[in-house]
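Below is one structure, written out as structure tokens; comments come after it.
The values are calculated or read from the model by the stated rules, or taken from the named source; none is laboratory data. None of the values given here were measured: they were computed from a predicted structure. Cβ sites come from the backbone with ideal geometry, for glycine too, and all protein chains shown count toward neighbours.
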Amino acid sequence: MESEDDMHDANDSAEDDFYSGGEAGLAASDDGDADYDFADHDSDDSAELISHRQQQNYSILSEVDIQRRQEDDINRVSTVLSISKPEACVLLRNYNWSVSKVHDEWFADEERVRKVVGLPEKHNEMPNDREVTCGICFESCPRGSMSAAACGHPFCSTCWRGYISTAISDGPGCLMLRCPDPSCAAAVGQDMINSLAADDDKEKYGRYLRRSYIEDNRKTKWCPAPGCEYAVEFVMGSGSYDVNCNCSYGFCWNCTEEAHRPVDCATVSKWILKNSAESENMNWILANSKPCPKCKRP
Ligand SMILES: [Zn+2]
Ligand SMILES: [Zn+2]
Ligand SMILES: [Zn+2]
Ligand SMILES: [Zn+2]
Ligand SMILES: [Zn+2]
């Protein structure tokens, strides 16, 4: 899992471009429900080439595909569990975007799941007074200008905006935001972000949400090619890890290094480690030695 974390950092700048890049209309991917055909892989090369199309065990996802899939998943969970879309989104994020995991956990013990992710079944209203005290700045404000999560703990809009903004600038953890009351675990979902946060924070939150859908999902990864905007969804347990991205980069889905079949990932990582150590030695030699006085070579 370390390699995934590394990828987050490495991809940060690339994705900023990614999400501001408008429509990436080059989607060449199939819908998720395509019929995959996992033939055995010990066939000879020519046979494998011919059958390559139908045994492809991954799909390349463009920005548009990613957004559509995420919305589909949220809609599905929202419909099946009869909860709001922002609630479905909180649930999916907590279970790493696995629809089946959400369904399994929910139907096994809904009460426990609601508690863990902070979605109380019964929504509490704010105190029914004309003026309500904010739990952060302790000012009394008209009830109508205050907001609360499902728990009913009231905060003024200035305090909410500050609270949300701090969480968003702290990173993708804002996707699991809870009520500001330290003793309360009620979830703060995208609906509240959209009604309370500043515009650039709403945008950032949306970007984190889409990134999370790829990065926290066990079935998907970003293509590691620099500047590439595509993600790859891989069907686990389906033989070769070789992936050819629409950007033409070929890589191993398992270790995200350049495609290296038939050598296994562990051997490749040892080899890369050895190579980088050697090139560091070489840099040191170049930096610390004088050219040979006779032939002028280092
Ligand atoms: Zn306040
Ligand atoms: Zn609360
Ligand atoms: Zn790519
Ligand atoms: Zn590999
Ligand atoms: Zn010499």
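Listed by position, the helices (runs of 4 or more DSSP H) inside the range 51-108 whose residues that are under 29 Å from Gly227 (Cα atoms) and modelled with pLDDT of 95 or more number at least 3 are 63-81, 85-94.
Filtered by the rule that a residue be among the charged types (D, E, K, R) and modelled with pLDDT under 95, the range 109-138 gives Glu121, Lys122, Glu125, Asp129, Arg130, Glu131. Here Ser183, Ser165, Ser212 are screened, and the one residue that is touching a Leu at 6+ places or on another chain (Cβ under 9 Å) and not in a strand (DSSP E or B) is Ser212.
Among residues that are in a loop (DSSP other than H, G, I, E, B), at pLDDT below 95 and not aliphatic (A, V, I, L, M), His153 is not included.
Checking Glu131, Glu110 one by one, the residue that is away from ligand 4 (no atom under 16 Å from the Cβ), within 25 Å of Asn94 (Cα to Cα) and not aromatic (Phe, Trp, Tyr) is Glu110 and no other.
Given the condition without any contact (Cβ under 8 Å) to a residue 60 or more places away in the chain, touching a Ser or Thr at 6+ places or on another chain (Cβ under 9 Å), assigned to a loop (DSSP other than H, G, I, E, B) and not assigned by TED's automatic domain parsing to the domain that holds Glu63, answer yes or no: does some residue in the range 221-229 qualify? The answer is no; no qualifying residue exists. Filtered by the rule that a residue be surrounded by fewer than 17 Cβ atoms within 10 Å (Cβ to Cβ) and either away from ligand 2 (no atom under 16 Å from the Cβ) or closer than 16 Å to Ser145 by Cβ (or both), the range 163-201 gives Thr166, Ser169, Asp170, Gly171, Gly173, Asn194, Ser195, Ala198, Asp199, Asp200. Please go through the range 86-104 and give me each residue that is closer than 18 Å to Met176 by Cα and free of Cβ contacts under 8 Å to residues at least 12 places away in the same chain, ordered by number. Tyr95, Lys101 - these are the residues of the range 86-104 that are closer than 18 Å to Met176 by Cα and free of Cβ contacts under 8 Å to residues at least 12 places away in the same chain. The set of residues in the range 131-163 that are within 13 Å of Ile193 (Cα to Cα), aliphatic (A, V, I, L, M) and without any contact (Cβ under 8 Å) to a residue 40 or more places away in the chain contains only Ala148. Checked against the criterion of being of a type outside the set (Gly, Ala, Ser) and either within 16 Å of ligand 2 (Cβ to nearest atom) or not in a loop (DSSP other than H, G, I, E, B) (or both), the candidates Val263, Val243 yield just one match: Val243. The single condition among (1) surrounded by fewer than 20 Cβ atoms within 10 Å (Cβ to Cβ); (2) under 27 Å from Gly189 (Cα atoms) that Met236 does not meet is (2). Residues in the range 202-227 that are of a type in the set (Asp, Glu) and either surrounded by fewer than 20 Cβ atoms within 10 Å (Cβ to Cβ) or out of contact with any helix residue (DSSP H, G or I) (no Cβ under 7 Å at 6 or more places or on another chain) (or both): Glu203, Asp216.
Taking residues in the range 184-198 that are in contact (Cβ under 8 Å) with a residue 40 or more places away in the chain and within 15 Å of Gly118 (Cα to Cα), and partners anywhere that are of a type in the set (Asp, Glu) and within 16 Å of ligand 2 (Cβ to nearest atom), the pairs with Cβ atoms closer than 8 Å and at least 6 places apart or on different chains are Ala187/Glu87; Gly189/Glu87. Of all residues in the range 186-203, those satisfying the criterion of being of a type outside the set (Ser, Thr, Tyr) and assigned to a helix (DSSP H, G or I) are Gln190, Asp191, Met192, Ile193, Asn194, Leu196, Asp199, Asp200, Asp201, Lys202, Glu203.
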